[in-house]
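So the structure is just underneath, and the comments pick up after that.
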Amino acid sequence: MAWQALCDGLAAGCELQTIRLLNCLQPTNVPALAAALAGCQQLKELDVSYNSLGCVQACSSSAIAGGSSSQAEATADTAWSGLIEALQGCVQLQVLSAVRCSLGPNAAAAAAKLLRSKDCGLTQVNLAHCSSMGAVPSHWQAPWLQAALACAASTCPAVS
């Protein structure tokens, strides 16, 4: 309820330039946030760090609940990719931070697409420690992160 109220406020055409949502997102919250970001035309900085929606959180949550870890991973990856895709409408966005956020293949592909966009205004991308997320094997995650970072280096020269 409170999360939806926040997203409704963002969607109403807010003038925020910086949004920091550290360690507070759940896969079920992300679609509402993604939809709300379309109303944030002045957004210059988004920090969603320490939200491990990907494999580590999904695997441990579904193991506890007795659910399918691959289904939970797919749900989390879809949530991240939807959020990243929504950022294409935030043409003033200059800084994106997702420190210690485990990105799956769809999310990394969405990030690469965002970085390749001719409207990409990003000057800084921070994906630090994304490949060192607990139980996520480096061979599982590294190719997508490497592709996104290689794209960033070739398209947005100022991206670090």
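Can you order the peptides 12-25, 112-125, 77-90 by their average number of other Cβ atoms within 10 Å per residue, highest first? Don't skip to the answer; put the middle values down first.
Working: 12-25: 13.0, 112-125: 16.4, 77-90: 21.2.
Ranking, from highest mean packing down: 77-90, 112-125, 12-25.
Can you figure out the FRET efficiency of C24 with R116, using R₀ = 25 Å and their beta-carbon distance, to the nearest 0.05? Could the numbers behind the result be given before it?
Working: r = 29 Å, r/R0 = 1.17.
Efficiency for this residue pair is about 0.30.
Give a residue-ordered list of calculated ³J(HN,Hα) values for segment 105-118 (Karplus: 6.51 cos²θ - 1.76 cosθ + 1.60, θ = phi - 60°; whole Hz; x for Gly, Pro).
So the Karplus estimates, Gly and Pro as x, are x, 5, 5, 5, 5, 5, 5, 4, 5, 4, 5, 7, 4, 5 Hz.
Show me, for segment 11-21, the HN-Hα J-couplings you get by feeding each phi into the Karplus relation (A = 6.51, B = -1.76, C = 1.60, θ = phi - 60°), rounded to Hz, glycine and proline as x.
The phi angles translate into 5, 6, x, 5, 10, 4, 9, 9, 10, 10, 10 Hz.
HN-Hα J couplings of segment 73-80 from phi, Karplus 6.51/-1.76/1.60, θ = phi - 60°, integer Hz, Gly and Pro as x?
Values, residue by residue: 4, 5, 5, 5, 5, 5, 4, 4 Hz.
Values quoted throughout were computed directly from the atomic coordinates according to the rules given, and no laboratory measurement underlies them. Owing to the predicted nature of the structure, the values given are computational and were not obtained by experimental measurement. Neighbour counts run over all protein chains shown; Cβ positions are idealised from the backbone, glycine included.
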